[in-house]
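Down below is the structure, laid out as structure tokens.
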């Protein structure tokens with residue numbers, strides 16, 4: 001038997017329940033993990049509230065990101081995986097392959113090893129964030145030396161990954177945060193500049209920081225009306241990547257600013273990486289190498305124990321964190 005987390009109705013974190021279930025045998029192309037740690041993300045909070053791209057099929061498990069040890073493999077899977085320490089990449093449906101619990105069965109193609117210098121907790125806090133930022137900024141945005149990059153919601157795990165990617169590329173990372181409470185910490189975590197959007201004129205500060213050029217790349221998970229402001233600080237031929245809808249408000253297209261500067265506005269999700277094997281292989285190599293040599297270091301905001309799963313998601317939704325919220329399972 002093993003304990004898993006599942007929910008039978010939509011709502012806040014309180015709908016999450018612990019349930020004892022028999023050990024699940026992996027099917028064709030699948031593996032079973034003994035889970036050691038789980039990283040939480042906003043997609044899961046939207047999922048159990050019924051606000052995610054994918055609707056839950058109740059009752060539903062939850063979770064994309066775990067690290068653990070392979071215990072069993074199904075038909076067609078290389079048995080050499082057994083006993084290896086691995087992490088999961090978010091390349092599957094939560095309603096089919098939720099991972100939060102003492103055991104998780106996932107498709108083998110969603111597994112990756114991780115560098116020996118990482119703990120299981122760090123490994124569970126790495127792949128969603130770095131691959132998400134990699135796809136927009138590196139694969140599509142071609143970030144490089146001399147670029148100015150605007151990063152709204154910069155204190156999130158993906159925002160911090162973006163800061164590290166921008167710095168590694170020799171570009172300038174401009175973190176955007178609503179209040180000054182996190183400003184010093186963002187500077188300490190690598191941001192070259194911080195714009196406090198609730199206290200400063202974003203476009204004016206962006207022009208000041210960039211010498212009038214504006215930001216060539218904008219990496220935004222919030223969407224909603226603020227995209228008009230982000231567009232006003234964009235450079236000629238800039239690209240605005242929108243990878244989330246945290247504002248839960250309609251998102252206007254900044255038409256007039258696009259006329260002026262040739263700004264492109266583009267929706268983006270990490271599925272553009274995880275659903276294409278060649279892109280995923282390249283992304284994994286890019287992230288693995290930088291985790292191994294220390295250029296990338298996952299920032300864990302707060303660690304919870306497994307029995308405090310509900311409290312962990314409540315903390316995630318509080319917006320107090322800087323970095324990843326992680327649950328230590330075993």
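Which of the residues spanning region 118-139 are in a loop (DSSP other than H, G, I, E, B) and either surrounded by fewer than 24 Cβ atoms within 10 Å (Cβ to Cβ) or at pLDDT below 95 (or both)? Spell out how you get there, then give the answer.
Residues of region 118-139 in a loop (DSSP other than H, G, I, E, B): 118-119, 124-126.
118, 119 - these are the residues of region 118-139 that are in a loop (DSSP other than H, G, I, E, B) and either surrounded by fewer than 24 Cβ atoms within 10 Å (Cβ to Cβ) or at pLDDT below 95 (or both).
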Out of region 1-23, which residues are surrounded by 15 or more Cβ atoms within 10 Å (Cβ to Cβ) and assigned to a loop (DSSP other than H, G, I, E, B)? 10, 16
State all residues of region 280-306 that are under 18 Å from residue 68 (Cβ atoms) and out of contact with any strand residue (DSSP E or B) (no Cβ under 8 Å at 6 or more places or on another chain); if no residue qualifies, say none. 291
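Go through the residues of region 61-71 one by one and say whether even a single one is part of a loop (DSSP other than H, G, I, E, B) and over 17 Å from residue 330 (Cβ atoms).
In the first step, residues of region 61-71 are kept if they are part of a loop (DSSP other than H, G, I, E, B); the result is 62-64.
From what is left, the residues that are over 17 Å from residue 330 (Cβ atoms) are 62, 64.
Looking for residues that are part of a loop (DSSP other than H, G, I, E, B) and over 17 Å from residue 330 (Cβ atoms), one finds at least one in region 61-71, hence yes.
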Restricting to region 244-277, name every residue that is at positive phi and modelled with pLDDT of 95 or more. 262
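Can you tell me which of 72, 67, 37 is farther than 18 Å from residue 326 by Cβ, at pLDDT 95 or above and in the same structural domain as residue 13 (by TED's automatic domain parsing)?
Details: 67 fails: farther than 18 Å from residue 326 by Cβ; 37 fails: farther than 18 Å from residue 326 by Cβ.
Being farther than 18 Å from residue 326 by Cβ, at pLDDT 95 or above and in the same structural domain as residue 13 (by TED's automatic domain parsing) holds for just one of 72, 67, 37, which is 72.
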So, in region 27-52, exactly how many residues are in contact with a strand residue (DSSP E or B) (Cβ under 7 Å, 6 or more places away or on another chain), more than 17 Å from residue 67 (Cβ to Cβ) and buried (at least 21 other Cβ atoms within 10 Å of the Cβ)? 2
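Residues checked against (1) more than 28 Å from residue 209 (Cα to Cα); (2) free of Cβ contacts under 8 Å to residues at least 12 places away in the same chain; (3) in the same structural domain as residue 88 (by TED's automatic domain parsing):
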{"residue": "240", "(1), (2), (3)": "no, no, no"}
{"residue": "243", "(1), (2), (3)": "no, no, no"}
{"residue": "250", "(1), (2), (3)": "yes, no, no"}
{"residue": "257", "(1), (2), (3)": "no, no, no"}
{"residue": "263", "(1), (2), (3)": "no, no, no"}
{"residue": "266", "(1), (2), (3)": "no, no, no"}
{"residue": "312", "(1), (2), (3)": "yes, no, yes"}
{"residue": "315", "(1), (2), (3)": "yes, no, yes"}
{"residue": "322", "(1), (2), (3)": "no, no, yes"}
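Can you say whether residue 91 is assigned by TED's automatic domain parsing to the domain that holds residue 33 and modelled with pLDDT under 95, as far as the supplied structure shows? Can you show your working first?
Details: assigned by TED's automatic domain parsing to the domain that holds residue 33: yes; modelled with pLDDT under 95: yes.
Yes, satisfied.
Please go through region 210-237 and give me each residue that is assigned to a helix (DSSP H, G or I) and buried (at least 20 other Cβ atoms within 10 Å of the Cβ), ordered by number. Give the derivation first.
Step one: of region 210-237, the residues assigned to a helix (DSSP H, G or I) are 224-232.
Within region 210-237, 227, 230, 231, 232 meet the criteria.
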Exactly one of 68, 63 is more than 25 Å from residue 319 (Cβ to Cβ), crowded, with 23+ Cβ neighbours inside 10 Å and touching a strand residue (DSSP E or B) at 6+ places or on another chain (Cβ under 8 Å), and that one is 68
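On the given criteria, is residue 13 touching a strand residue (DSSP E or B) at 6+ places or on another chain (Cβ under 9 Å) and in contact (Cβ under 8 Å) with a residue 24 or more places away in the chain? Lay out the reasoning, then the answer.
Numbers: touching a strand residue (DSSP E or B) at 6+ places or on another chain (Cβ under 9 Å): no; in contact (Cβ under 8 Å) with a residue 24 or more places away in the chain: yes.
It is false that residue 13 is touching a strand residue (DSSP E or B) at 6+ places or on another chain (Cβ under 9 Å) and in contact (Cβ under 8 Å) with a residue 24 or more places away in the chain.
The values are calculated or read from the model by the stated rules, or taken from the named source; none is laboratory data. All values reported here derive from a predicted model rather than from experimental measurement. Ideal geometry is used to build each Cβ from the backbone, glycine not excepted, and the neighbour counts take in all protein chains shown.
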